[in-house]
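First the structure, in the form of structure tokens, and then the observations on it.
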Amino acid sequence: MTKAEDLPYRPCAGIMLANTAGNIFVGQRIDQQIGEAWQMPQGGIDKGEDARTAAIRELTEETGVAADLVDIIAQSSEEHY
């Protein structure tokens, strides 16, 4: 069995989706066998893609929210590992 620490590092991007009422979206993972797991939209950055583009792409892929419905109001000034 492969351990997580043995896998290659893949840069990824995530996004916090909030509405005008201040509610934050979190999705329940359906692939967990035991217990509950919740997360915000996120995923790997494709070759040649920047983090901002990847975050919007992942949001659309995972929630169906189209890019034209999104305003990015803040972005981290640094990478987080």
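Step by step: first the residues of the stretch 25-36, then only those that are without any contact (Cβ under 8 Å) to a residue 12 or more places away in the chain and within 20 Å of Gly64 (Cα to Cα), then the one that is most open to solvent (accessible area, probe 1.4 Å). Which residue is that?
Ile30
Would you point out which residue out of Ala55, Ala37, Ala13 is at pLDDT below 95 and not aromatic (Phe, Trp, Tyr)?
Step by step, each of Ala55, Ala37, Ala13 is checked, and only Ala37 is at pLDDT below 95 and not aromatic (Phe, Trp, Tyr).
Can you tell me which condition Gln42 does not meet? The list is (1) open to solvent by less than 60 Å² (accessible area, probe 1.4 Å); (2) touching a residue at least 24 places away in the same chain (Cβ under 8 Å); (3) among the polar types (S, T, N, Q), and all the others hold.
Evaluating Gln42 over (1) open to solvent by less than 60 Å² (accessible area, probe 1.4 Å); (2) touching a residue at least 24 places away in the same chain (Cβ under 8 Å); (3) among the polar types (S, T, N, Q) leaves (1) as the failure.
Based on what the data block shows, is Gly22 open to solvent by less than 60 Å² (accessible area, probe 1.4 Å) and assigned to a loop (DSSP other than H, G, I, E, B)?
Spelling it out, Gly22 is indeed open to solvent by less than 60 Å² (accessible area, probe 1.4 Å) and assigned to a loop (DSSP other than H, G, I, E, B).
Mind listing just one residue for me: the one in the stretch 1-19 that is part of a loop (DSSP other than H, G, I, E, B) and in contact (Cβ under 8 Å) with a residue 24 or more places away in the chain and, of those, surrounded by the most Cβ atoms within 10 Å (Cβ to Cβ)?
Ile15
Please pick out the residue among Glu61, Glu79 that is loosely packed, with under 15 Cβ neighbours inside 10 Å and assigned to a helix (DSSP H, G or I).
Glu61
The values are calculated or read from the model by the stated rules, or taken from the named source; none is laboratory data. Please read these numbers as outputs of a predicted model, since none were measured by experiment. Virtual Cβ from ideal backbone geometry, glycine too; neighbours counted across all protein chains shown. The area values use the complete protein model at the heavy-atom level, side chains included, leaving out ligands, DNA and RNA. Shrake-Rupley method; radii C 1.70, N 1.55, O 1.52, S 1.80 Å.
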